[in-house]
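This report concerns only the one structure given below.
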Amino acid sequence: MRLYTHPACLQHDPGPGHAERPARLRAVLQALDQDRYAALDRVEAPLATREQLLRVHSAAHMERVLASAPATGHHRLDEDTLMSPGSVEAALRAAGANVAAVDAVMNGDCQRAFCAVRPPGHHATRDQAMGFCLFNNIAVAAAHALAVHGLKRVAIADFDVHHGNGTQAIFEREPRVLFVSSHQSPLYPDSGHEDERGSGNIVNGTLSPGAGSHEFRELWDIVLLPRLDAFRPQLVLVSAGFDAHRNDPLADIRLGHEDYAWITERLVTLARTHAGGRLVSTLEGGYDLAALAACASAHVGALMD
Ligand SMILES: [Zn+2]
């Protein structure tokens, strides 16, 4: 089991008071510093290449992000998506971690990998940075698996509390990718309704504000996991956001860290059944530092078992 990260991911700073702050990644890495995680094979994330990014992003978007880091202070791409001097390298390492993790599981260097990186990715569309996201890391990973490893069926499971609108938009006409998401509705970015099905390869499951462990597990057990199982993925990718925790300030779902261990065990089983165990997970949201640390360590612990 590998852990991909890079110190550059701490240098992306959206500014004072911003929820998606460097302390998030520090909290995750500190939690993974305990003895229980000593067996993790820690690997420095490489930079994503232009070719890898252009599989899912327009050249205009890629060049805009690469050119938008200010020399000092902050540059605003949208209402809540900002760049600092360190943002370009952080974004390239975040996407690059995902590509390297796919290569590692496909080449048999490891069976599973977690990318402890930021900025997150699942809101970034082909042509737009949004929702704290610059490049769509998990989409870059999936496109790499299709293009370089020749896979025919790649599943993306997204349990972040927000809908992964960018991932959905990038793959809604790509039948080799199945995108399955649980998220709160209504909530930012106001997409992910159950009637959004792409070309039959998009499955959205919504949770009402106030929903908790029971509703979350029922949604995955009855609706989402059976769809993943029927797809028989050759590789399982996970957009791992931990903002459905009950203490998270950005949403109103009431999960505990044990629910993240539960869904992780289910996804590991799915990968074992169909994908030779191959699973790559990447950090998306999670904005209460203590909850994020507890949930991410529960997730990684379940990936190591
Ligand atoms: Zn989120």
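The values are calculated or read from the model by the stated rules, or taken from the named source; none is laboratory data. These numbers were taken from a predicted model, which means no experiment stands behind them. Methodologically, a virtual Cβ is constructed for each residue, glycine included, from the backbone with ideal geometry; neighbour enumeration extends over all protein chains shown.
For residue 23, are the conditions met, namely being surrounded by fewer than 14 Cβ atoms within 10 Å (Cβ to Cβ), among the aliphatic types (A, V, I, L, M) and either within 23 Å of residue 300 (Cα to Cα) or under 18 Å from the mean Cα position of the chain (by Cα) (or both)? So residue 23 passes the test.
Residues in the stretch 216-242 that are more than 20 Å from residue 294 (Cβ to Cβ) and buried (at least 24 other Cβ atoms within 10 Å of the Cβ): 233, 235, 236, 237. Say we look at the stretch 154-165 and pick out the residues that are within 12 Å of the ligand (Cβ to nearest atom) and over 10 Å from the mean Cα position of the chain (by Cα); which of these is surrounded by the fewest Cβ atoms within 10 Å (Cβ to Cβ)? Only one residue fits best here, namely 165.
Residues in the stretch 82-141 that are in a helix (DSSP H, G or I), over 23 Å from residue 72 (Cβ atoms) and either within 16 Å of the ligand (Cβ to nearest atom) or free of Cβ contacts under 8 Å to residues at least 24 places away in the same chain (or both): 107, 137, 138, 139. Being at pLDDT 95 or above and within 13 Å of the ligand (Cβ to nearest atom) holds for only one residue in 178, 187, and it is 187. The number of residues in the stretch 258-295 that are within 16 Å of the ligand (Cβ to nearest atom), farther than 14 Å from residue 158 by Cβ and in contact with a strand residue (DSSP E or B) (Cβ under 7 Å, 6 or more places away or on another chain) comes to 3.
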